């Protein structure tokens, strides 16, 4: 049974981002693996007492933080269903934490790394075929028109969207990168270096804003290697800051033209993410730009939060705010039933200060735990460092992604919790 549990754990972690097959209730392949994995875990440890940790309290508070929103929700069933989804990803956290605390920590890191490498290779293979013979395979990737780059092939590699693949790669590259840095055998080091190269290539081909979190996660892993070179450290920090700020700017506005006020600006190119075209005059220069959907949905989320700051508008009820915004002409038809695309603002909009505060406490607690674990001497220090880097990178992406719905986010929190139990942090 131990061998079977190990296999199930690796397969589950390697498949966390798969958006296949399309089964009822949003069930996908990793969910089919999780049930037997959970049963195997319960069977293996049914006679072993599990002591709650302080991190578990933060998770419990996060779940309880959404309950006040049930007082004002417009659809109690929808809110209850979403709470069940939250409980499900917390179950992933609990199972992974239990297995990591029982000496399966290396397997957890390996499983996540395999997932990132496998999807990268699948995506790169499709990209290579597409270059020779373009074929329509939306599940693998498709050509999209984006600001500043125009029409470009964007990989999704069996995940829900390019940004989903990008988030998964940001969550897994630290595990592959740290293995490449710390492997003693030259053959193993070369193998992991090639894996990192594949992940980086696939990340670039997502053409996604999630490269911001990817860059931060890589910087955190590489930081000890850069420590003897202060100039390189500052250069790396500056580069990561430019990437984060630059990509967040592109999600707020797309500049179509910059011209003198006497000249006629060219017609704006319409993008799927564009909401409306505006003009701004600065010192005799006319700037024409498009307001992007990521900025507008954040504005809708902020308005929803301010309308009911204590409780929010109800768990999983953001679509009501987006529909109202569409009716007012603030959103286009494609965004009338959209998710917030921002972890914190979406939480504040739907669950108010109760949910937003507990979410921030959860994030802060796990970052603190991760930093402490990364400094502890022991055989799993590399895993703590990788999981912490991945989580912080995902928090950066959380500015524009609803990361708390991702299975792999909770798997990495489970890794940190399991390590915290091992080292009593």
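Bear in mind these aren't lab numbers, they're just calculated from the coordinates by the rules spelled out. Since this is a predicted model, take the numbers as computed values, not measurements. Neighbour counts are summed over all protein chains in view; Cβ atoms, including those assigned to glycine, are modelled from backbone coordinates with ideal geometry.
A few comments on the model shown:
- By the Kirkwood approach, averaging reciprocal distances over each pair of separate Cα atoms, region 1-87 gets a hydrodynamic radius of 15.7 Å.
- Span per principal axis, largest first, for the Cα atoms of region 159-203 (Å): 37, 15, 11
- Computed from Cα positions, the angle between helix 105-132 and the longest principal axis of the chain comes to roughly 40 degrees.
- Sequence of 60, 71 once ranked by neighbouring C-beta atoms within 10 Å, starting from the fewest: 71, 60
- Convex hull volume per residue in cubic angstrom - Cα atoms of region 125-196: 114
- Protection-proxy order for peptides 388-398, 229-239, each taking the mean of Cβ atoms within 10 Å per residue, highest first: 388-398, 229-239
- Annotation for residue 327 and residue 360: the two label points, set 7 Å from Cα along the Cα-Cβ direction, are 3.2 nm apart.
- Cα gyration tensor shape for region 41-137, rounded if a/c is under 1.5, else prolate or oblate: oblate
- The relative contact order of region 129-208, computed from alpha carbon pairs under 8 Å that lie at least 6 residues apart in sequence, is 26 percent.
- Relative contact order computed over the chain (Cα-Cα under 8 Å; 6+ residues apart), in percent: 22
- C-alpha center-to-center spacing [region 314-389, region 69-119] in angstrom: 14
- Model label zone, residue 80; criterion: amide N under 19 Å from point 7 Å along Cα-to-beta-carbon; scope region 309-350: 314-318
- Rounded to the nearest 10 degrees, the inclination of helix 318-327 to the longest alpha-carbon principal axis of the chain is 10 degrees.
- Sum of -39500 (n - 2.57) over DSSP H runs of 4+, divided by residues of the chain (222 nm, nearest 500): -21000 deg cm²/dmol
- Ellipsoid equivalent to region 242-385 - semi-axes via the Cα gyration tensor, in Å: 37, 24, 12
- Footprinting exposure proxy for 254, 51 (fewest neighbouring C-beta atoms within 10 Å first): 51, 254
- Full extension of the chain between residue 57 and residue 255 yields a length gain of 66.7 nm, computed as 0.36 nm times the residue separation minus the alpha carbon distance.
- Taking 0.36 nm per residue of separation and subtracting the Cα-Cα distance, full extension of the segment from residue 189 to residue 136 would add 15.4 nm.
- Matching the structure-derived Cα extents along the principal axes in Å against the labelled list (i) 104, 64, 55; (ii) 76, 56, 46; (iii) 89, 57, 39 gives the label (ii).
- Between 0 and 90 degrees, the angle of helix 186-206 with respect to the longest Cα principal axis of the chain falls at about 30 degrees.
- When peptides 163-171, 199-207 are ranked by their average number of other Cβ atoms within 10 Å per residue, the highest-first order is 163-171, 199-207.
- Taking 0.36 nm per residue of sequence separation and removing the Cα-Cα distance, the residue 42/residue 149 pair yields an extension gain of 33.5 nm.
- Using C-alpha pairs below 8 Å separated by at least 6 residues, the relative contact order for region 14-173 is 25 percent.
- Taking 319, 86 and counting other C-beta atoms within 10 Å, the order from fewest to most: 319, 86
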